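A short reminder: the numbers here are calculations on the coordinates, not readings from a lab. Note that this is a predicted model, so its numbers are computed, not measured. Here the Cβ positions follow ideal geometry from the backbone for every residue, glycine too, while neighbour counts run over all protein chains shown.
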Amino acid sequence: MSATRLPGTPRLLRALNDRAALELLLERGPLTRARIGELTGLSKVTASQLVERLEERGLVTRVGEQAGGRGPNAQLYAVRPGSAHVVGVDVDADRVVAACADITGAVIGRVEQSTKDTDDPVGVVHNAVVQAASSAGAELSSVRRIVLGTPGLVDPGTGDITFAFNLPRWHSGLLAALREDLHTPVVFENDVNLAAVAEAQSGAAQGVSDFVLVWVGAGVGLAIVLGGRLHHGSSGAAGEIGYLPVPGARIPRDVSKRAKPAFQQLAGADALRAVAAEHGFAADTAADAVRAAIDAGAAGDPVLDELARRLALGVASTCVVLDPPLVVLAGEVGQAGGTALAERVQHEVAAITLVRPRVVPTGLTEEPILRGALRTALDAVRDEVFGSTVG
């Protein structure tokens, strides 16, 4: 009995080979046709046809020559940076930062604007996106996706914002308004989730498929990564640990009244700054107070011990449910606390629960939310652009 031939199989194989070659070019830089063939296991003829196809599609371009032995030099090929662009946007209560990257991931444009004097979120995002693309020398029509990091809840079904504690002007319906205004796919994602994406890409969670990231700053948040994927929950509220009912804090009964939730009262930046001040380490920000306590050596130990005890209540509550091998402390306080705070939290969690996750400080120092937004946009656009190479 003869085997049934699957329709479209040669086309599928070409697409898979093209994608593998493009990923190699992104990872390893300019390569010759022969080297692409060696690394993908393709014959010289197939590799040559592949490169010609990608060049015709405008996805790769010749960037130079590699001197060899006898005969003409071999042409070097690379992914064409301008074949597509993405924009990542980080929004908080006071400012918006937007960055434009080409398809290789290189950030080629960036703008920062205040949001204090405007009631028009669509106008704010529009201006930031247009200026970021302009500063990158990119046409807005080449921007294939815009990813915005925002505090609060994003509905997994609609993609719209359903609740943003400190962005009262951001509301349901904003996503459709932005898409109509910019004529480009726009995606909202929780800011702490995007920080976890960046941490997995180039921070303390590289190579770890299951981990949680605890963000400690003005707010307290959590991102959950399971099997290498973000876990959002049915309503997008997975990780809102500021609302954990914890001992030592008053539990508000109506969160819609914007009362400060329980764990936020205990472990948010204002509370931690107050703890430090009680021990003689007054500072303008919680991060500065934590750094002062660390610099003070033994005199600052009581501050770090108390901060760790408070943070461990939220970390432990999360870890006894999820049992992750790794916890990353991020945000301004997590970054400032470094290993000194992370080790204390790890010890405290192990003391009060049966789980013993490794707790480490963030491995990123600059704009993790923005980096996560760009990475999320790039992953989606590469799937779209690289997945359509065979017509």
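So how do 282-288, 216-222 stack up, highest first, on mean other-Cβ count within 10 Å?
216-222, 282-288
Stokes-Einstein diffusion coefficient for the stretch 9-79 at 10 °C in a medium of 1.306 mPa s, Rh from the Kirkwood formula over Cα pairs: what value in µm²/s?
This corresponds to a translational diffusion coefficient of 130 µm²/s.
When the alpha carbon gyration tensor of the stretch 88-136 is reduced to an equivalent ellipsoid, its three semi-axes come out at 21, 10, 8 angstrom, largest first. The Stokes-Einstein estimate for the stretch 205-363, based on a Kirkwood radius over Cα pairs and taken at 25 °C with 0.890 mPa s viscosity, is a diffusion coefficient of 157 µm²/s. Under the rule a/c < 1.5 gives rounded, and otherwise a/b versus b/c splits prolate from oblate, where does the stretch 271-391 land using the Cα gyration tensor? Oblate. Maximal additional length on extending the VAL45-ALA380 stretch stands at 117.5 nm, based on 0.36 nm per residue less the C-alpha distance.
So what is the relative contact order for the chain, in percent, with contacts set as C-alpha pairs under 8 Å and at least six apart?
Numbers: 750 pairs, mean separation 60.1, N = 391.
The value is 15 percent.
Expressed per residue, the C-alpha convex hull volume of the stretch 254-334 stands at 112 Å³.
Sort 173-185, 27-39 by packing, meaning the average of other beta carbons within 10 Å per residue, with the highest value first. Don't jump to the answer; show the numbers that get you there.
On the way: 173-185: 15.3, 27-39: 17.0.
Top to bottom by mean Cβ count within 10 Å: 27-39, 173-185.
Once C-alpha pairs closer than 8 Å and six or more residues apart are averaged by separation and normalised to the residue number of the stretch 9-79, the relative contact order reads 33 percent.
Please compute the net charge surrounding GLU52, taking Lys and Arg as +1 and Asp and Glu as -1 over other residues with Cβ under 13 Å from its Cβ. Can you show the working numbers first?
Details: positive: ARG14, ARG33, LYS44, ARG53, ARG57, ARG62; negative: ASP18, GLU55, GLU56.
Its environment carries a net charge of +3.
A simple count of charges around ALA330, restricted to other residues whose Cβ falls under 13 Å of its Cβ and scoring Lys, Arg +1 and Asp, Glu -1, yields -4. The candidate values are (i) 76, 52, 45; (ii) 65, 51, 38; (iii) 71, 44, 38; the one derived from this structure for Cα extents along the principal axes in Å carries the label (i).
Computed on the stretch 205-363, with alpha-carbon pairs under 8 angstrom and 6+ residues apart, the relative contact order is 23 percent.
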